[in-house]
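The values are calculated or read from the model by the stated rules, or taken from the named source; none is laboratory data. Predicted model only: the values in this text are computed from it and were never measured. Counting neighbours? That spans all protein chains shown, and the Cβs are built from the backbone with ideal geometry, glycine included.
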Number of protein chains: 2
Amino acid sequence: MKRIEAEPIFAQSEKLFERVYDYVLERIKRGEWQEHEKLPSVRVLAKELSVNRLTVLKSYQLLKQQQHVYVKDKSGYYVQPGGRMTIDSTHDPVLSAYVQKSHLSEIHQVQAAFQFSIALLDPNLLPNLYFSEYVKKVFDLYPKVLGTYSGTQGDAELREALCDYFSKQHQFYLSRDELMITTGSQQAIDLVAKVLVKPRDAVLLERPTYSPAIDVFSRQGARIIPVEIHPCGYDLEQVERLMQTHKPRLFYMNPTFHNPTGYTVPAEQRKRLVELAEKYHCLLVEDDPYRDIYFEEEPPQPLFSYDTAGCVIYIRSFSKYIAPGLGIACIACRPYYMKALLAAKSLSDSGAPLLNQKIFLHYFFSERMQQHLGKLRTALAIRKEVMEEALSVTDWKWISPTGGFNLWISLPETIPMDHLLAKSIEHSLTFVPGSICDPLREKQSWIRLSYSYMNEQQLRAGISQLVNLSRLYF
Amino acid sequence: MKRIEAEPIFAQSEKLFERVYDYVLERIKRGEWQEHEKLPSVRVLAKELSVNRLTVLKSYQLLKQQQHVYVKDKSGYYVQPGGRMTIDSTHDPVLSAYVQKSHLSEIHQVQAAFQFSIALLDPNLLPNLYFSEYVKKVFDLYPKVLGTYSGTQGDAELREALCDYFSKQHQFYLSRDELMITTGSQQAIDLVAKVLVKPRDAVLLERPTYSPAIDVFSRQGARIIPVEIHPCGYDLEQVERLMQTHKPRLFYMNPTFHNPTGYTVPAEQRKRLVELAEKYHCLLVEDDPYRDIYFEEEPPQPLFSYDTAGCVIYIRSFSKYIAPGLGIACIACRPYYMKALLAAKSLSDSGAPLLNQKIFLHYFFSERMQQHLGKLRTALAIRKEVMEEALSVTDWKWISPTGGFNLWISLPETIPMDHLLAKSIEHSLTFVPGSICDPLREKQSWIRLSYSYMNEQQLRAGISQLVNLSRLYF
């Protein structure tokens with residue numbers, strides 16, 4: 001938080017006493033003025049800030065009313081101790097552990113005309129008109145659906161259908177007891193971290209990676225060990241060395257149309273990774289939200305397909321491209337992990353809402369949806385090409401992804417990224433700075449641009465805007 | 001896990017080698033036979049267990065195949081080290097923290113004809129036929145609802161409507177930035193615990209209390225301090241003493257039609273509790289899921305109404321009686337806590353599904369729903385009376401609740417509760433044993449019976465069944 005330090009700003013202010021109030025409170029919070037310490041007299045502070053004494057008095061009175069300061073024997077104002085309950089959360093050690101800078105969610109909260117930060121599907125690409133049909137069907141089939149809890153693990157009918165689907169698509173050998181429905185993949189990652197990772201456990205994360213995963217595993221107190229991801233996968237010797245050295249509890253990975261890079265780990269590496277995981281007792285947590293969004297050929301089978309020893313935990317999200325408003329994902333894993341995940345889930349919520357599960361069941365497995373997926377792939381491939389074309393006027397570098405929602409772009413190092421982001425937000429445009437995708441918080445000259453959320457026209461206009469802004473730095 | 005120790009059981013077994021397998025694995029897991037230790041020879045173990053040598057050999061081979069043991073230089077079988085990945089979760093220290101006994105969710109998983117353990121509304125008491133009307137309305141109004149994320153904090157329109165509602169009903173002074181939508185109250189409690197409680201913080205919990213709250217705060221490593229709840233509230237002198245002595249971070253409470261007792265903390269205590277909270281910097285986390293289910297007069301206003309210092313965090317759930325299948329609850333609190341709760345929520349999931357929020361918005365604030373609430377109260381009051389009448393043949397003791405879903409009943413101490421529960425489950429009947437609602441895990445002679453989930457006929461039949469079973473112990 002940057003606060004006003006000099007007179008001119010005070011002088012311009014319309015609500016002068018509020019600024020003085022902030023000035024004083026900030027010093028109390030920072031500990032510059034400590035508990036029971038006497039505040040500067042009204043006269044002294046007024047002079048110091050070049051404001052009217054009445055303004056200072058008014059500020060002190062408000063501070064008193066809000067119990068930040070107290071008055072002693074008419075001798076002056078003193079700092080109230082234990083302001084815990086009335087001070088900003090950034091100063092509470094427990095609260096502040098949650099209020100860090102640069103959460104991806106904070107960028108998402110910015111309202112902007114061009115939201116390149118949002119790796120979500122444009123709602124206009126969904127067959128919205130047909131959705132209500134399916135919803136009515138759900139109400140006909142399950143008239144009491146809104147009155148019924150699904151249970152912690154999720155609706156048995158949906159789990160059965162997903163097991164069948166996984167078995168046909170990916171040769172998973174899976175019973176419905178080994179599958180749990182979660183409220184999106186974010187919850188799945190959160191549950192896995194809670195159940196498996198204790199403080200100081202080593203955890204391997206791709207570099208770069210899905211930004212909230214860094215937050216989740218950090219919150220668990222994990223020692224995060226980065227694994228570089230390249231266009232053709234990982235350096236497996238490095239992975240083995242890291243497993244040997246750090247004995248990581250797990251490797252959280254997104255090997256298919258990886259977020260943010262779009263890279264896909266090839267089939268032969270997948271097999272070997274499962275062997276390494278088994279050998280070094282390192283679980284592989286395979287996050288797989290973009291599998292169906294391929295532009296050329298289908299991606300290799302999930303690592304889970306290669307796993308016979310129960311060392312892969314598979315997270316599959318459907319929300320991103322089927323129906324973000326439903327929030328349906330699932331975790332597949334072996335019973336000894338499922339038991340703990342279920343216990344953790346039962347403390348997190350009372351199970352995914354049944355309505356959403358039933359709608360998803362009838363919608364996802366319908367012929368129409370499967371047809372629609374083909375159209376979706378085409379639409380997204382076109383959007384990707386439009387973005388790439390718009391970017392071709394620059395010297396920025398990226399590897400064209402064969403699936404997913406994002407371009408991962410290297411900008412000239414001369415561009416100060418924080419400044420460009422701030423400037424962009426001013427011009428109603430957002431993107432994801434590479435540093436928040438990097439467990440080491442570097443990658444300063446990289447950005448993630450999503451082409452999934454805006455239409456062709458918006459993509460062209462937005463990229464043109466961004467390119468113009470970046471040219472300010474030459 | 002209790003395992004077979006003696007010959008007769010082995011002798012009766014149909015799959016003898018599997019039993020030998022279990023026997024060996026159990027010893028490895030327990031650490032009786034340690035890593036790289038040599039297993040007993042086939043001959044010795046066969047003799048010890050009085051089984052055929054081939055049976056032991058077959059077991060050892062299966063253990064080898066599953067990598068629990070290995071063979072060295074043909075000299076025998078040895079325990080494979082680091083069996084972590086293939087052993088039961090009850091033996092993994094991190095996993096096992098989640099897999100404790102007696103979770104309420106475990107009792108809920110029991111399929112039974114008479115589910116007195118379930119404090120949920122009977123779906124038949126909901127106006128299911130009218131639900132689909134509202135759902136269609138939602139799709140007409142928001143055709144892209146399934147394709148849209150609501151954001152972490154929840155739909156702005158719903159938050160606005162809830163602020164209005166709370167302001168009219170309870171004189172809350174609240175802006176929509178101070179309100180967050182959660183997936184049920186379970187998630188709300190979980191988020192509050194995550195954000196506010198660090199290991200060894202003291203936390204006050206009512207005794208008895210909502211069982212999963214004990215689990216959530218225990219998981220955070222809190223020191224749990226029980227506060228007895230009585231028919232007319234708490235002993236406020238005790239509360240003050242506990243706040244003084246233990247400096248608790250928060251007091252999690254359910255002061256209105258308290259679960260499991262049904263007690264309501266009177267208005268004058270509420271005011272005083274807020275004063276105490278402010279004085280001792282102890283947050284009050286007010287969980288309020290049953291407020292609308294009153295049988296006589298409306299309950300006193302929430303503690304949040306009395307709070308001017310921002311020391312009450314208010315959790316209001318609507319799921320239980322509006323639509324369990326929607327899973328809608330909310331948290332109201334001041335901005336410094338909201339900021340941290342939002343960060344935690346963004347790591348837990350991507351926001352409550354928008355569809356559910358929109359359905360709830362149009363359904364809850366409709367005239368029909370408000371009319372329906374009146375009918376619901378009558379129906380539940382009747383069910384309560386039916387249960388009480390059916391119980392009147394016993395010498396069991398309870399205080400008739402004036403709202404909520406539960407009877408909290410004291411049974412004669414001669415009844416062994418674990419045995420009665422096991423016996424009941426055998427007879428397809430479940431209830432909640434008092435001990436799991438007690439932070440001290442005592443209250444052995446108390447049980448919670450919910451009258452909300454079954455109709456009058458089922459209530460009569462079920463109670464008759466339970467009473468008969470309890471008579472076995474005289």
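A few remarks follow.
- Of all residues in the range A:145-174, those that are buried (at least 17 other Cβ atoms within 10 Å of the Cβ) and either of a type in the set (D, E, K, R) or within 13 Å of chain B (Cβ to nearest Cβ) (or both) total 12.
- The numbered conditions (1) within 12 Å of chain A (Cβ to nearest Cβ); (2) more than 22 Å from the chain's Cα centre (by Cα) are all true for B:Val386 except (1).
- A single entry from B:Asp292, B:Asp288 fulfils the requirement of being surrounded by fewer than 24 Cβ atoms within 10 Å (Cβ to Cβ), under 18 Å from the mean Cα position of the chain (by Cα) and more than 8 Å from chain A (Cβ to nearest Cβ): B:Asp288.
- Scope the range B:303-315; condition surrounded by 24 or more Cβ atoms within 10 Å (Cβ to Cβ) and either closer than 25 Å to B:Ala119 by Cβ or of a type in the set (S, T, N, Q) (or both); matching residues: B:Leu303, B:Phe304, B:Val312, B:Ile313, B:Tyr314, B:Ile315
- Residue within the range B:323-330 that is closer than 23 Å to B:Phe251 by Cβ and either touching a His at 6+ places or on another chain (Cβ under 8 Å) or away from chain A (no Cβ under 11 Å) (or both) present: yes
- Test result for A:Leu459, on the phi < 0 side of the Ramachandran plot, surrounded by 14 or more Cβ atoms within 10 Å (Cβ to Cβ) and not assigned by TED's automatic domain parsing to the domain that holds A:Ile229: yes
- The residue pairs whose first member lies in the range A:165-181 and is under 18 Å from B:Gln109 (Cα atoms), whose second member is of a type in the set (S, T, N, Q) and not in a helix (DSSP H, G or I), and whose beta carbons are closer than 9 Å, counting only pairs six or more residues apart or on different chains, are A:Arg176/A:Gln153; A:Asp177/A:Gln153; A:Leu179/A:Gln153; A:Met180/A:Thr152; A:Met180/A:Gln153; A:Ile181/A:Ser150; A:Ile181/A:Gln153.
- Taken as a whole, the structure places A:Val265 among residues that are assigned by TED's automatic domain parsing to the domain that holds A:Ser175, surrounded by 22 or more Cβ atoms within 10 Å (Cβ to Cβ), farther than 30 Å from B:Ala213 by Cα and not charged (D, E, K, R).
- Output for the range A:183-219, where each listed residue is modelled with pLDDT under 90 and more than 16 Å from the chain's Cα centre (by Cα): A:Lys198, A:Pro199, A:Arg200
- Selection of first residues in the range A:354-367 that are within 12 Å of chain B (Cβ to nearest Cβ) and of second residues that are assigned to a loop (DSSP other than H, G, I, E, B) and polar (S, T, N, Q), restricted to Cβ pairs under 6 Å at least 6 apart or on distinct chains, gives the following pairs, ordered by first then second residue: A:Leu354/A:Thr148; A:Leu354/A:Ser150; A:Gln357/A:Ser150.
- No other residue among B:Pro416, B:Pro401, B:Pro335 is surrounded by fewer than 20 Cβ atoms within 10 Å (Cβ to Cβ), within 16 Å of B:Ile447 (Cβ to Cβ) and either assigned by TED's automatic domain parsing to the domain that holds B:Pro266 or not acidic (Asp, Glu) (or both) apart from B:Pro416.
- Residue ID - nearest to A:Leu376 (Cα to Cα), chosen from residues in the range A:124-141 that are buried (at least 16 other Cβ atoms within 10 Å of the Cβ) and at pLDDT below 85: A:Pro127
Table: residues versus (1) modelled with pLDDT of 55 or more; (2) assigned to a loop (DSSP other than H, G, I, E, B); (3) surrounded by fewer than 17 Cβ atoms within 10 Å (Cβ to Cβ).
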| position | (1), (2), (3) |
| --- | --- |
| A:Gln61 | yes, no, yes |
| A:Gln67 | yes, yes, yes |
| A:Ser75 | yes, yes, yes |
| A:Thr90 | no, no, yes |
| A:Val94 | yes, no, yes |
| A:Ser105 | yes, no, no |
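- Odd one out for B:Leu373, checked against (1) more than 14 Å from chain A (Cβ to nearest Cβ); (2) closer than 27 Å to B:Val110 by Cβ; (3) in contact (Cβ under 8 Å) with a residue 12 or more places away in the chain: (2)
- The set of residues in the range B:143-162 that are farther than 20 Å from B:Lys345 by Cα and not in a loop (DSSP other than H, G, I, E, B) comprises B:Val145, B:Leu146, B:Gly147, B:Ala161.
- When the range B:110-126 is filtered for residues that are outside any loop (DSSP other than H, G, I, E, B) and over 15 Å from B:Leu449 (Cβ atoms), the ones remaining, listed by number, are B:Pro123, B:Asn124, B:Leu125.
- Taking every residue in the range A:406-425 that is without any contact (Cβ under 8 Å) to a residue 40 or more places away in the chain and pairing it with any residue that is among the basic types (Lys, Arg), at least 6 positions away or on another chain, the pairs with Cβ-Cβ distances below 6 Å are A:Ser410/A:Lys397.
- The numbered conditions (1) under 28 Å from the mean Cα position of the chain (by Cα); (2) more than 15 Å from A:Arg207 (Cβ to Cβ); (3) of a type in the set (Ser, Thr, Tyr) are all true for A:Thr245 except (1).
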